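In what follows, a structure is listed as structure tokens, so that the remarks can point back to it.
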Amino acid sequence: MQLNKTRRALVAATLTMMGVLSACTTVGGGGGGETAAEGTKAPDPACKLATAQDPGNSAPPQNVPVAENAPKLAKKDTYRVAFSQNASNNPWRLAETESMKAEAGKLGHQLTITDAQNSQAKQIQDIRSLIAQKPDALFIAPITEQLANVVVDAAKADIPVFLLDRAVDTNIAKPGEHYVTVIRSDFVQEGLRAAVALARATGGRANIVELEGTTGSSPAIDRKKGFDEAIKQCPGMKIVASQDADFTRAKGQQVMETLLQSNPDVNAVYAHNDEMAIGAISAIKAAGKTPGKDVVVVSIDGSRDALQAVSRGELYATVECNPRFGPAAFKTMQEYAEGKPVPTVLVNQDRFFDQSNAKQFIEEAY
Ligand code: GYE
């Protein structure tokens with residue numbers, strides 16, 4: 001996604017200036033550097049991120065065009081809508097589906113849901129059959145950016161499409177024309193926030209395993225971009241291995257087990273989502289190491305299991321990526337039907353969870 005390059009550069013610059021000294025104890029270590037007693041190493045002065053605070057959300061994107069050329073939606077009291085979900089294999093997906101169902105139910109809309117079971121081919125099939133049913137509007141959580149072609153097919157069938165949580169290739173599916181809008185988090189910023197957290201936790205000395213989300217999905221692409229770009233500011237932070245673990249717990253564990261064997265000096269993990277982080281934590285334990293001490297783990301989402309792992313000290317932090325899209329999805333659809341201006345990208349505001357606040361949010365988490 002074309003997410004304002006200048007703004008990102010600005011964030012990086014502000015981070016450098018912020019340099020707020022934290023009283024944080026350094027865990028992990030390794031990757032060379034001082035020989036101070038374990039857990040008390042001073043942050044690497046060459047790594048500004050190591051003493052920075054969480055940079056928070058990015059500034060809302062400016063001058064986003066409004067959807068003008070997408071299929072129209074007539075004003076009605078209730079609608080017959082469809083939602084193509086890409087998988088139901090983790091709590092995040094289940095929470096998103098639940099939120100869509102609950103909101104549709106509340107508003108009296110009739111909602112058909114399909115589950116692509118984490119298969120791109122199946123999601124394309126699902127969307128084709130939903131198009132054939134001619135819903136008033138179609139919500140899609142695209143598995144990868146390659147879903148763009150079938151989004152174009154929906155527009156050609158005169159169905160307004162609203163993308164949820166992931167983007168598609170905008171060279172093929174034009175925002176505001178082939179789809180109305182995409183509602184999602186700023187994944188590049190999430191990667192940056194995770195990098196700052198990991199720098200703080202390791203004092204900027206880290207041999208990192210990066211567990212990537214589904215190849216070709218916009219969160220995997222942008223979370224990698226944001227993180228990799230950020231740690232360039234820290235000479236002591238190196239990615240020793242980066243591999244696809246498909247956003248799942250089982251693959252996170254499996255990939256981490258293998259990578260720990262080939263990279264025994266690993267002291268940090270950046271997982272693109274909580275499920276893979278939790279899998280990695282199991283692998284770390286199985287290798288006889290202590291998560292949070294020998295190996296620091298940081299991830300993204302804010303699931304209940306993750307918040308529990310944070311409060312146990314096994315996960316250092318998780319950047320929130322809120323799955324509860326129902327209210328925003330239907331509000332946006334309504335506004336579009338009423339002819340109000342709808343920007344072609346809507347960016348969610350997310351929180352940050354670490355030891356200081358994780359416990360208090362466990363109850364409301366999914
Ligand atoms: O972080 C992950 C899920 O697309 C933003 O997909 C979403 C991501 C979320 O499988 O857990």
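So which residues in region 56-98 are more than 16 Å from the ligand (Cβ to nearest atom), small (Gly, Ala, Ser) and within 22 Å of Asn118 (Cα to Cα), if there are any at all? Within region 56-98, Ala82 is the sole residue that qualifies. Taking the listed residues Val161, Val151, the one that is of a type in the set (A, V, I, L, M), without any contact (Cβ under 8 Å) to a residue 60 or more places away in the chain and in contact with a strand residue (DSSP E or B) (Cβ under 6 Å, 6 or more places away or on another chain) is Val151, with no other qualifying.
Which of the residues spanning region 260-274 are out of contact with any Ser or Thr (no Cβ under 6 Å at 6 or more places or on another chain), hydrophobic (A, V, I, L, M, F, W, C) and within 19 Å of Arg200 (Cβ to Cβ)? Selection gives Val266, Val269. For region 123-131, the criterion of being among the polar types (S, T, N, Q) and open to solvent by less than 10 Å² (accessible area, probe 1.4 Å) is met by at least one residue.
Quick check: is even one residue across region 124-141 hydroxyl-bearing (Ser, Thr, Tyr) and without any contact (Cβ under 8 Å) to a residue 60 or more places away in the chain? Yes, that holds for at least one residue. Somewhere in region 83-95, is a residue of a type in the set (Ser, Thr, Tyr), at pLDDT 95 or above and farther than 20 Å from Phe330 by Cβ? Within region 83-95, one or more residues are of a type in the set (Ser, Thr, Tyr), at pLDDT 95 or above and farther than 20 Å from Phe330 by Cβ. Of all residues in region 340-366, exactly one satisfies the criterion of being under 20 Å from Val81 (Cβ atoms) and free of Cβ contacts under 8 Å to residues at least 40 places away in the same chain, namely Lys340. Condition (residue is within 16 Å of the ligand (Cβ to nearest atom), open to solvent by 20 Å² or more (accessible area, probe 1.4 Å) and at pLDDT 95 or above) applied to region 229-247: is it met by at least one residue? The answer is yes; a qualifying residue exists. Based on this model, can you work out whether Glu145 counts as within 12 Å of the ligand (Cβ to nearest atom), at pLDDT 95 or above, charged (D, E, K, R) and surrounded by fewer than 21 Cβ atoms within 10 Å (Cβ to Cβ)? Spelling it out, Glu145 is indeed within 12 Å of the ligand (Cβ to nearest atom), at pLDDT 95 or above, charged (D, E, K, R) and surrounded by fewer than 21 Cβ atoms within 10 Å (Cβ to Cβ).
Consider Val11 carefully, then state whether it is open to solvent by less than 60 Å² (accessible area, probe 1.4 Å), touching a Pro at 6+ places or on another chain (Cβ under 7 Å), at pLDDT below 95 and outside any loop (DSSP other than H, G, I, E, B). For Val11, the condition - open to solvent by less than 60 Å² (accessible area, probe 1.4 Å), touching a Pro at 6+ places or on another chain (Cβ under 7 Å), at pLDDT below 95 and outside any loop (DSSP other than H, G, I, E, B) - is met. The set of residues in region 161-177 being away from the ligand (no atom under 16 Å from the Cβ), buried (at least 24 other Cβ atoms within 10 Å of the Cβ) and not small (Gly, Ala, Ser) consists of Val161 alone. Contact map, region 90-119: first residue free of Cβ contacts under 8 Å to residues at least 24 places away in the same chain, second residue surrounded by 20 or more Cβ atoms within 10 Å (Cβ to Cβ), Cβ cut-off under 7 Å, separation 6 or more or different chains; pairs are Thr97/Gln85. Sort out which residues of region 263-273 are touching a Pro at 6+ places or on another chain (Cβ under 9 Å) and closer than 15 Å to Val296 by Cβ, and write them in order of number. Hit for region 263-273 is Val269, nothing else. Assess whether Ala250 counts as being open to solvent by 30 Å² or more (accessible area, probe 1.4 Å), among the small types (Gly, Ala, Ser), modelled with pLDDT of 95 or more and within 16 Å of the ligand (Cβ to nearest atom). Spelling it out, Ala250 is indeed open to solvent by 30 Å² or more (accessible area, probe 1.4 Å), among the small types (Gly, Ala, Ser), modelled with pLDDT of 95 or more and within 16 Å of the ligand (Cβ to nearest atom). The condition of being open to solvent by 40 Å² or more (accessible area, probe 1.4 Å), closer than 19 Å to Gln146 by Cα, assigned to a loop (DSSP other than H, G, I, E, B) and at pLDDT 95 or above does not hold for Gln53.
The values are calculated or read from the model by the stated rules, or taken from the named source; none is laboratory data. In this text, all values refer to a predicted model and were calculated from it rather than measured experimentally. Cβ: placed from backbone, ideal geometry, glycine included. Neighbour counts: every protein chain shown. Please note that ligands, DNA and RNA were not included when accessible areas were found on the heavy atoms of the full protein model with its side chains. Shrake-Rupley method; radii C 1.70, N 1.55, O 1.52, S 1.80 Å.
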